[in-house]
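Novice: Shown below is the structure under consideration.
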Amino acid sequence: MSNQRIDPMNTSVTRRLRLLAIALILLAVLICSSAFLSWRGIAYLRGRFNVGQGATFPLADHLQTEVFKLDSQLLTYRASSRPEDWRRFEEESQRLNAWIAQQKTTLTTSKEKALLDEIQTTFDSYVAAAQPSNLPLLDQLANVRAAAAQLISLGLKLAFAHREALHGTVAETEDSLAGLQAMIVVAQLTVVLLAAWAAVVTYREMIAPLRVELIESQALVARNEKLASLGVLAAGVAHEIRNPLTAIKARLFTQKKALTPGSRERADAEFIGHEIDRLEKIVSDFLRFARPVEPERVPLSPADLLREVRELMAPQLRESSIDLAVERAVETRIAADPEQLEQVLINLVNNAAEALGNRGTIKLRAVESRITLGDRMREVVIIEVEDNGPGIPPDVQDRLFDPFFTTKPSGTGLGLSIAARIVEKHGGALRFQTATNRGTTFGIVLPVEP
């Protein structure tokens with residue numbers, strides 16, 4: 001059986017290694033292709049940016065041409081005073097204003113943008129100077145001409161600034177491509193080392209964990225088979241014992257009526273009654289372990305659940321000088337069976353109290369987290385029971401959830417096994433952390449339902 005399970009895993013690992021080798025070969029081809037294309041790209045970009053530099057002066061030419069057109073249109077209006085001539089002037093000025101605004105999207109440096117803002121301000125002054133006013137005509141035309149001359153000058157400055165920006169871009173691009181080429185050469189030399197490293201990592205991260213998972217899965221299968229066998233045995237034994245116990249308890253109840261209170265015989269009957277009750281509890285634990293009930297899930301608030309457990313258990317624990325407190329609890333709702341979870345929490349609180357003895361503190365809390373649950377990352381709520389007791393001895397930790405294992409003189413060894421099975425039925429996990437003389441924390445990890 002073991003070899004049959006290992007062979008498919010080895011085949012899967014071999015397939016992954018082959019895919020890794022193919023990926024490395026493709027990586028090498030890609031690096032070589034990138035190197036070739038990058039060298040060609042430098043020559044292409046040089047030619048392209050040189051063409052771009054030549055396109056900077058038309059920007060100034062266009063601005064100069066448009067300003068001359070506006071001047072001509074304004075003079076026409078001044079000579080004719082016709083409304084349609086003024087309307088044409090306004091249309092041309094609006095078109096040029098839109099063109100100036102459009103240039104903002106093509107500029108990259110702060111110097112270019114500052115010059116364009118200055119052009120926009122000067123153009124606004126030009127349009128304002130052209131508006132009809134009470135100034136003498138010659139003075140008004142002088143103001144318009146001064147603004148127009150400043151616009152043309154600023155256009156030339158913007159063209160030169162644009163050329164400087166293109167020069168800088170070309171230099172930066174050449175430096176970047178040269179660096180890329182150097183990196184590609186280094187990467188080619190690294191591919192061989194990467195292949196060797198990948199082989200080592202593949203073994204450590206893939207093959208070794210798969211072996212560990214195989215061992216863990218075999219242990220889990222063995223544990224489940226053991227639980228199934230013990231469950232069947234426990235169910236049969238519990239059924240055979242419960243019927244005689246019921247009859248004995250009924251007969252003892254009848255006999256106690258005939259015994260004098262305070263007599264030795266009555267004390268013996270009381271002792272027998274207590275032992276029958278203990279046997280019934282053991283039988284009930286056997287049945288719960290053998291036939292776990294499916295949880296009836298309802299939306300449940302962890303905060304409400306912890307408050308109920310505290311109200312139920314705190315008075316009893318206070319008699320032993322043990323403080324039971326709810327430290328913090330989220331209101332995130334989970335889908336769970338409240339009675340079963342309360343049973344688990346009571347069991348964990350009782351275990352913590354027994355570990356503490358006659359003095360100590362037990363803290364209850366519920367927090368949100370995101371951890372691996374099952375085979376994927378999930379949003380969970382962790383309900384914790386923490387004590388400040390002596391901790392769990394190392395030799396006990398490995399067998400903590402084994403059925404029928406107990407360190408208590410009168411325990412059945414089923415409490416934590418039943419608790420773990422209840423939590424697993426909810427799609428969660430029961431985990432613990434412990435440290436000698438620092439205490440133990442049990443965590444009920446439950447998925448948050450979407």
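The values are calculated or read from the model by the stated rules, or taken from the named source; none is laboratory data. Please read these numbers as outputs of a predicted model, since none were measured by experiment. We place every Cβ from the backbone using ideal geometry, glycine too, and count neighbours over all the protein chains shown. Note: areas computed on protein heavy atoms with side chains; ligands, DNA, RNA excluded. Shrake-Rupley method; radii C 1.70, N 1.55, O 1.52, S 1.80 Å.
Novice: I'm told residue 154 meets every condition in (1) under 14 Å from residue 67 (Cα atoms); (2) without any contact (Cβ under 8 Å) to a residue 24 or more places away in the chain except one. Can you identify the failing condition by its number?
Specialist: Here residue 154 clears every test but (2).
Novice: Oh, and also: Please list, ordered by first then second residue, the pairs with beta carbon atoms under 8 Å, 6 or more apart or interchain, first in segment 94-117 and of a type in the set (A, V, I, L, M), second open to solvent by 30 Å² or more (accessible area, probe 1.4 Å) and in a helix (DSSP H, G or I).
Specialist: That search, which allows pairs on different chains as well, returns 100/120; 101/120; 107/113; 107/162; 115/157; 116/104.
Novice: Out of contact with any Gly (no Cβ under 7 Å at 6 or more places or on another chain) and on the phi > 0 side of the Ramachandran plot, is that true of residue 374?
Specialist: Criteria met by residue 374.
Novice: Within segment 81-92, identify whether any single residue is open to solvent by less than 70 Å² (accessible area, probe 1.4 Å), closer than 19 Å to residue 150 by Cβ and within 60 Å of the chain's Cα centre (by Cα), and answer yes or no.
Specialist: So far as segment 81-92 goes, yes, one or more of its residues are open to solvent by less than 70 Å² (accessible area, probe 1.4 Å), closer than 19 Å to residue 150 by Cβ and within 60 Å of the chain's Cα centre (by Cα).
Novice: Follow-up. Which residue is most open to solvent (accessible area, probe 1.4 Å), if the candidates are limited to segment 63-80 and must be under 16 Å from residue 98 (Cβ atoms) and free of Cβ contacts under 8 Å to residues at least 40 places away in the same chain?
Specialist: My answer is 69.
Novice: Same structure, new question: Filter segment 273-304 down to the residues that are at pLDDT 85 or above and touching a helix residue (DSSP H, G or I) at 6+ places or on another chain (Cβ under 6 Å) and list them by number.
Specialist: 295, 300
Novice: Name the single residue that is nearest to residue 283 (Cα to Cα) among those in segment 244-268 being open to solvent by 80 Å² or more (accessible area, probe 1.4 Å) and aliphatic (A, V, I, L, M).
Specialist: Result: 248.
Novice: Something else: Just the residues that are among the small types (Gly, Ala, Ser), surrounded by fewer than 20 Cβ atoms within 10 Å (Cβ to Cβ) and at pLDDT 85 or above, please, taken from segment 361-388.
Specialist: Passing the criteria: only 369.
Novice: Among the listed residues 405, 442, which satisfies the condition of being open to solvent by less than 80 Å² (accessible area, probe 1.4 Å), under 32 Å from the mean Cα position of the chain (by Cα) and among the aromatic types (Phe, Trp, Tyr)?
Specialist: It is 442.
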